[in-house]
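The values are calculated or read from the model by the stated rules, or taken from the named source; none is laboratory data. Keep in mind it's a predicted model, so treat the numbers as computed, not measured. Neighbour counts are summed over all protein chains in view; Cβ atoms, including those assigned to glycine, are modelled from backbone coordinates with ideal geometry. Heads up: the accessible areas ignore ligands, DNA and RNA and are worked out on the full protein's heavy atoms, side chains in. Shrake-Rupley method; radii C 1.70, N 1.55, O 1.52, S 1.80 Å.
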Amino acid sequence: MTSKQKNTNSFLRIQTVKADKAIGLKFAQGTGSLTINAGKDVVFTQSSDMEGGTINITTGGSVFSSSSNVVLTGLKSATINTTGGDIGTDATALRFAGGSGTFTTALSATGSINVDASNLTAGRTLKGVDLTAGRDIKLASRGDIEFTGTVTGQNITLNSTSGGVTIQKLTQNSNQAGSQQLNVSAQRDITISN
């Protein structure tokens with residue numbers, strides 16, 4: 001770990017970890033940014049409170065939490081790109097909660113995406129450009145869900161418990177059985193422009 005004094009009131013702290021195996025992130029607290037570039041899985045093992053913070057994860061594995069009790073709270077934005085795995089798991093969604101203002105996302109996985117943002121603060125919009133999965137997408141949010149680019153996946157399930165859903169373009173790929181489904185539910189309007 002390296003600490004470098006920036007001025008008399010603040011410090012820049014950089015931590016570098018050689019990770020030939022899966023990385024387990026135990027905690028992150030406070031406003032700031034968390035950037036992870038990994039060749040393997042990134043696992044959240046504890047909840048974090050990063051009010052107004054950002055996460056940016058690029059990995060050759062998957063990004064998931066170790067249990068359904070793990071929640072990432074207060075984030076302003078989350079950018080997650082997996083080039084060899086999933087975001088969340090079939091059994092446990094990657095969970096986001098709390099915060100204020102728009103929650104900006106950029107989510108891309110060669111596998112599936114399972115994200116639960118249904119505990120974001122009331123009135124928050126989950127907004128992104130593209131939402132891309134090589135397999136299935138499950139995304140739930142409390143407020144509006146808006147994607148200004150393309151939503152791409154096989155089985156796609158989007159649920160807004162108190163808002164609407166807006167998708168600029170939808171690309172649904174076939175699965176092996178040819179039985180892919182699109183399920184969109186919302187309290188307000190659902191708009192798919194294509």
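Of all the listed residues (157, 121, 191), the sole one being hydroxyl-bearing (Ser, Thr, Tyr), touching a strand residue (DSSP E or B) at 6+ places or on another chain (Cβ under 9 Å) and more than 28 Å from residue 46 (Cβ to Cβ) is 191.
What about residue 185, is it exposed (fewer than 15 other Cβ atoms within 10 Å of the Cβ) and at pLDDT 95 or above? Answer is yes for this residue. The strands (runs of 3 or more DSSP E) found wholly in region 98-194 and carrying at least 3 residues that are touching a Lys or Arg at 6+ places or on another chain (Cβ under 6 Å) occupy 113-120. For region 39-62, the set of residues classified as open to solvent by less than 50 Å² (accessible area, probe 1.4 Å), free of Cβ contacts under 8 Å to residues at least 40 places away in the same chain and in contact with a Phe, Trp or Tyr (Cβ under 9 Å, 6 or more places away or on another chain) consists of 42, 43, 48, listed by residue number.
Residue 71 meets each of the listed conditions (1) out of contact with any Phe, Trp or Tyr (no Cβ under 9 Å at 6 or more places or on another chain); (2) of a type in the set (A, V, I, L, M, F, W, C); (3) touching a residue at least 40 places away in the same chain (Cβ under 8 Å) apart from (1). Among the conditions (1) in contact (Cβ under 8 Å) with a residue 40 or more places away in the chain; (2) open to solvent by 50 Å² or more (accessible area, probe 1.4 Å); (3) under 20 Å from residue 62 (Cα atoms), the only one that residue 119 does not satisfy is (3). Each residue in region 137-176 was checked for being of a type in the set (Asp, Glu) and open to solvent by 50 Å² or more (accessible area, probe 1.4 Å), and 1 of them qualify.
Scan region 76-97 for residues that are open to solvent by 50 Å² or more (accessible area, probe 1.4 Å) and within 9 Å of residue 115 (Cα to Cα) and jot them down. If the condition is that a residue be open to solvent by 50 Å² or more (accessible area, probe 1.4 Å) and within 9 Å of residue 115 (Cα to Cα), then 95 is the only one that fits.
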